[in-house]
Amino acid sequence: MRQFIISLKENLLAKKYIILILGGLIGLLSYYVIYLFGSIDFEVIQTFIEGLPEGMLDFFGDVDNFTSPYGFWSLEMLLFIWIYAGIYTMYMAGGLLSREVEEKTIDLSLSKPVSRNSFLGSKITFLYIFIVITMGIFFLITTGGMALSSMFIKEGLYLDRLWLTYFNVVLFLGALAMFAKLFSTVFLATRKSMAFGSVVLFLMFFIGEFYSYMDESIQGVKYISIFYYFNPTEYLVGANFVLYIQDLIVLGSVNAGLVIASLIIFNKKDIPI
Amino acid sequence: MSNEIIIQIKELSKYYGKSRGIDNLNLDIYKGEIFGLLGPNGAGKTTTIRVLLDLIRKTSGEAKIFNLDVHLDSVAIRQRIAYLPGELGLFQEKSARRNIYYLLGLYQNHIPKRRVEELADIFGLELDRKVKELSKGNKQKIGIILTLAPKVELLILDEPTSGLDPLITAEFYKILHKQQEETGSTVLLSSHLLGEVEKVAHRVGIIREGTIVEVATIQQLKHIAMKEIKVEFTSAKSLQEFSNKLSIEKVEEIILDDRHASFFVSREVLSKILNLLSEAEIVDTDIISPALEDLFLKYYQVSSSQEKKSLKIKEVES
């Protein structure tokens, strides 16, 4: 446990500024989006949206997604969180282990009394802490922004829904990071991990967002995409808690599965010279 | 040195797919000894060490340290050992001090800060400089401090003096020797620098193509080695008479030229050869004891020499 904590602390210290900067930047972007709501006429947007072809509406979801402040914010911030935070988190997760192998620092670390589970576990825990804190900063700033926004006050402050969504966002980003981590343990090479991680990310995005345009016979493929289990607007605007729980369970299971697979694979791997 | 076995390797093999890392390797290393593992690059030294540290997994065989399985009990074993890798990987963005404290912090014991400072003073290492700003030799000093600072029972050193200047190398071996004598720790030292190993090791194992081909003390190895004899005869005729009496089976690499002869003999036949020489008409004789290096080279040339049966005999030119 002592080794686990030392290793975890070392990772956190190395990335402390990145955590604050990334969380702060996304938070400030969110604050800016909320601030913009004051100058947006949602009735004009509603008229425009209702005139869109049905297929396009299917892609974006319900009209409420655009015409309520929560829906609009979710669309702007949460649906693209994989770009704002996901890609960097995957990049970090992919390199966190393989870079140690490439730079040979792993030889010294693993020659000390540290089990492989503890070594990799500390890195996985760090990734979750990274996501929890960066998203925590982002949601805290957002909460402040919403509490100060007359439009959100008028709509009603649904901070409970917002913070429930936070857990789903953490698990969604966690799953993305764990995909990268899994590839990192398989290849123990940063470039390969990144390449495979990126392919899987865009493939899942494509499947999760565009499955409704596919032939009905192959639409079942949507279940393999984690994007299909990430519906923040449904929780925030529609207060669909059944879907929330379902998504939470699936994303949680995906995270757990990927963590276990990474640990098993890493335990079997030779550390290359 | 006691009879207690610290490292026990039995029929250990490691294959990377079809290519050989080590093959059917057997080795016992005893408590309190400095054991030199000698061999050129690719012989299997690093593979052996990495299997012992559980960085790579064996294909077959058995490897134990402190009578514990190197894979199943790896964490317990590593609590009692220090390792200096051949290619030292350090955290470049951190200072030497943070690298050392972080890595020593992974042991259960407290970090021996005073000992770290003391060793840094001896080796002239600036602890607060970032690793990326340090020369190769200074980086190697960090590795040496990481190895010598903790109180452990076994030190595994893979090419430990790589990049160090001769003075620091000498200082390192001096401290290693002193520490080893004081604590009774065991040292496994892998190197291709025979001179270094010869100075510090109690016993030496020569590894070739993934297998240990010889384990002996330095004295034993030198004893095993053949001696070179150089003789100057009074005339070509005397040389011819002497060469006719030489038994080719017991003498190697004979070179006969005009009035001079040189050849290698084993210790067993040395007295017979000296008797022959006493009867011959000679001007001068040299008996040269082999350097460990010559012996080492012999182990590596053995396969080719077996094929060629390369006894170089030059006929006496009349």
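The values are calculated or read from the model by the stated rules, or taken from the named source; none is laboratory data. What you see is a predicted model, and the numbers here were worked out from it, not measured in a lab. Heads up, the Cβs are rebuilt from the backbone with ideal geometry, glycines too, and the neighbour counts pull from every protein chain shown. Note: accessible area is taken over every heavy atom of the protein model, side chains too, but ligands, DNA and RNA are not part of it. Shrake-Rupley method; radii C 1.70, N 1.55, O 1.52, S 1.80 Å.
Working from the pairwise distances between different alpha carbons, so that the mean of 1/r is found and then inverted, what is region A:87-203's Kirkwood radius in Å?
15.9
Just counting partner chain Cβ atoms within 10 Å, what average do the residues of peptide B:81-92 show around their Cβ?
4
Determine how many Å³ per residue the convex hull of the Cα atoms of the protein assembly as shown encloses.
So the per-residue Cα hull volume is 209 Å³.
What per residue convex hull volume, in Å³, do the alpha-carbon atoms of region B:116-256 yield?
Enclosed volume per residue, from the Cα hull, is 180 Å³.
Kirkwood Rh and Cα-based Rg: tell me the resulting Rg over Rh for region B:40-186, rounded to two decimals.
0.96
Trypsin sites (Lys or Arg not before Pro), restricted to region B:1-62: which are DSSP loop and have at most 10 other Cβ atoms within 10 Å?
Passing sites in region B:1-62 are B:Lys18.
Any idea what the alpha-carbon Rg over 2.2 N^0.38 Å comes to for region A:78-125?
Cα Rg divided by the expected 2.2 N^0.38 Å: 1.43.
Buried accessible area between A and B (1.4 Å probe, both chains summed, ligands and nucleic acids excluded), in Å² to the nearest 100?
For chain A against chain B, roughly 2700 Å² becomes buried.
Rounded to the nearest percent, how much of the accessible area of the protein assembly as shown (1.4 Å probe, protein heavy atoms only) is carbon and sulfur?
Roughly 57 percent of what the probe reaches on the protein assembly as shown is carbon or sulfur.
Calculate, in whole percent, how much of the Cα-Cα pair population of region A:13-150 lies beyond 26 Å.
The share of Cα pairs beyond 26 Å in region A:13-150 comes to 44 percent.
Work out the count of Lys pairs in region B:138-246 where the Cα-Cα distance is under 20 Å, with the pair 8 or more places apart or on different chains.
Qualifying lysine pairs in region B:138-246: 13.
Please work out how many pairs of lysine residues in chain A are eight or more positions apart (or on different chains) and have Cα atoms closer than 13 angstrom.
4
Just order A:200-212, A:69-81 by mean Cβ neighbour count inside 10 Å, highest at the front, would you?
The densest-packed peptide leads the list: A:69-81, A:200-212.
Which parts of region B:19-57, residue by residue, lose 30 Å² or more of accessible area when the rest of the protein chains are there, as against the chain isolated (1.4 Å probe)?
B:Arg50, B:Leu55, B:Arg57
If amide hydrogens are placed 1.01 Å from N in the peptide plane, which non-local residues have theirs closer than 5 Å to the one on B:Ser190?
B:Leu37, B:Leu157, B:Asp158, B:Glu159
Regarding chain A, what is the average projected area of its C-alpha convex hull, in nm²?
Across all orientations, chain A yields a mean hull projection of 15.6 nm².
Where Rh is the Kirkwood radius over the Cα pairs of region A:154-229, the temperature 20 °C and the viscosity 1.002 mPa s, what D in µm²/s does Stokes-Einstein return?
The Stokes-Einstein estimate is 150 µm²/s.
Based on the Kirkwood radius over alpha-carbon pairs, what value in µm²/s does the Stokes-Einstein equation return for the translational diffusion coefficient of region A:179-220 at 20 °C and 1.002 mPa s?
Roughly 189 µm²/s, to the nearest whole number.
Averaged over all directions, how much area does the convex hull of the C-alpha atoms of region B:29-121 cover when projected, in nm²?
Mean shadow area of the hull around the Cα atoms is 8.1 nm².
Please give the per residue volume of the convex hull enclosing the alpha carbon atoms of region A:170-273, rounded to a whole number of Å³.
Taking only Cα atoms, region A:170-273 has a hull volume of 110 Å³ per residue.
Taking each residue of A:98-111 in turn, how many C-beta atoms of other protein chains fall within 10 Å of its C-beta, and what is the average?
Counting other chains' Cβ atoms within 10 Å and averaging over A:98-111 gives 6.
Please identify the DSSP H helices in chain A that span no less than 27 Å along the helix axis (Cα) and have a mean Kyte-Doolittle hydropathy of -1.0 or more.
Correct list, ordered by number: A:16-36, A:116-148, A:159-187, A:190-210, A:241-268.
Kindly report the accessible area of chain B per residue (heavy atoms of protein chains, probe 1.4 Å, no ligands, DNA or RNA), in Å².
On a per-residue basis, 49 Å².
Over the Cα atoms of chain B, what Rg and Dmax result, in angstrom?
For chain B, the Cα radius of gyration and maximum Cα-Cα distance read 24.3, 79 Å.
Viscosity 1.002 mPa s, temperature 20 °C: Stokes-Einstein D of region B:1-57 from its Kirkwood Cα radius, in µm² per second?
Taking Rh from Cα pairs, D becomes 175 µm²/s.
For A:112-118, what's the mean count of beta carbons from other chains sitting within 10 Å of each residue's beta carbon?
6
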